[in-house]
Amino acid sequence: MKISLEKIAEIVSGEVKGDPNKIIGGAAPFENAGSNDITCAGTPKFLKKIHETKAGAVIVGAQLPVDGCQSSVISRQSPDKPSTANRQPSTDN
């Protein structure tokens, strides 16, 4: 399934830093991700190595420093912000 970073950011209630129109083809572990994959840097271990990833995009926590990252980044908002992941599409015409 191919999906834009803009749509992924909407699903995870995040903000894109980079090209929101970039298309992602899959998800992969941090060390194995390629330019068409998205990965997550959810621990200090991976945040320290964020500049080394070859992933097309990386999901990080809100307001985390991502200096040196060549990939696009989706910065998750605070956990109290509601996610759109479980919302049903509107049927209003």
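A short reminder: the numbers here are calculations on the coordinates, not readings from a lab. These figures come from a predicted structure and were not determined experimentally. For neighbour counting, all protein chains shown are included, and Cβ atoms are generated from backbone atoms with ideal geometry for every residue, glycine included.
For the pair Thr43/Ile23, report the inter-label distance in nm, with labels modelled 7 Å from Cα in the Cβ direction.
For Thr43 paired with Ile23, the spin-label model returns 3.4 nm.
For the peptides 5-15, 27-37, 50-60, what is the packing order when you average, over each peptide's residues, the other Cβ atoms within 10 Å and list the highest mean first? Each step should come with its number before you reach the end.
Numbers: 5-15: 17.6, 27-37: 15.3, 50-60: 21.0.
In decreasing order of mean packing, 5-15, 27-37, 50-60 become 50-60, 5-15, 27-37.
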